[in-house]
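The values are calculated or read from the model by the stated rules, or taken from the named source; none is laboratory data. Since the structure is predicted, the reported quantities are computational estimates derived from the model, not experimental observations. We place every Cβ from the backbone using ideal geometry, glycine too, and count neighbours over all the protein chains shown. Quick note on the areas: whole protein, heavy atoms, side chains included, nothing else; ligands and nucleic acids left out. Shrake-Rupley method; radii C 1.70, N 1.55, O 1.52, S 1.80 Å.
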Amino acid sequence: MTGLATYGGHVPVLLDQVIASLTPRDGDTMVDATFGGGGYSAGLLDAADCCVLGLDRDPDAVRRGQAQASRWGDRLSVVEGRFSTLEQTVNEQVGGQVDGVVFDLGVSSYQLDEAHRGFSFRHDGPLDMRMGADGKSAADAVNHLDEAELAGLIGRLGEERRARAVARAIVAARKEAPI
């Protein structure tokens, strides 16, 4: 696919399967509900003379996509939003009717590679871990939630069996200094 290098070399691992399943045709309207690096969008746009609406919660991904959209003319538009509001966004952006949708769920390698996002284990950065720019950061949670709320969060989202012990250790550590 020629468009992949345009998006920072992001190579989606299931691109061939997605193209085969969605079978984009000229004139179709497709949605990349988790735009990320834009690899699926580029693949769809290369496969047919279709239009793609890219949606991402991450404002950095949207900026990268909008900067590259000129390559595709009016065939690619990238907007900020959550896929939980997909129906509303599609209605607003393309009038509601689409021919296919792709979701690439999970954290983006861009988010892992950029220390300032707070997801990296390899690079020091702030304890942020937000997919978008809104809401409270991970630092807010570990420094302000009470022990029971913190244990619930760690157990539910982190699937940690020893969530209570971890929460207890965090609360003890933050008495010494903010985390």
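A few remarks follow.
- The residues of the stretch 161-178 that are open to solvent by 80 Å² or more (accessible area, probe 1.4 Å) and either closer than 30 Å to residue 60 by Cα or part of a helix (DSSP H, G or I) (or both), listed by number, are 164, 168, 175, 176, 178.
- Residue count, the stretch 140-160 (criterion: over 17 Å from residue 127 (Cβ atoms) and either small (Gly, Ala, Ser) or touching a residue at least 60 places away in the same chain (Cβ under 8 Å) (or both)): 4
- Residues of the stretch 161-179 that are closer than 15 Å to residue 127 by Cβ and touching a residue at least 24 places away in the same chain (Cβ under 8 Å): 170, 174, 178, 179.
- Restricting the stretch 33-53 to residues that are within 21 Å of the chain's Cα centre (by Cα) and part of a loop (DSSP other than H, G, I, E, B), the residue that is nearest to residue 22 (Cα to Cα): 33
- For the stretch 140-160, the tally of residues that are charged (D, E, K, R) and either surrounded by 15 or more Cβ atoms within 10 Å (Cβ to Cβ) or within 25 Å of residue 59 (Cα to Cα) (or both) stands at 2.
This table checks each residue for (1) more than 14 Å from residue 102 (Cβ to Cβ); (2) open to solvent by less than 70 Å² (accessible area, probe 1.4 Å); (3) at pLDDT below 95.
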site: 14; (1), (2), (3): no, no, yes
site: 35; (1), (2), (3): no, yes, yes
site: 38; (1), (2), (3): no, yes, yes
site: 56; (1), (2), (3): no, yes, yes
site: 59; (1), (2), (3): yes, yes, yes
site: 66; (1), (2), (3): yes, no, yes
site: 70; (1), (2), (3): yes, no, yes
site: 73; (1), (2), (3): yes, yes, yes
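- Among the residues listed as 86, 44, the single one being open to solvent by 10 Å² or more (accessible area, probe 1.4 Å) and of a type in the set (A, V, I, L, M, F, W, C): 86
- Test: residue in the stretch 117-139 that is open to solvent by less than 80 Å² (accessible area, probe 1.4 Å), in a strand (DSSP E or B), at pLDDT 70 or above and on the phi < 0 side of the Ramachandran plot: no
- The residue that is most open to solvent (accessible area, probe 1.4 Å), counting only those in the stretch 89-102 that are part of a helix (DSSP H, G or I) and within 25 Å of residue 15 (Cβ to Cβ), is 93.
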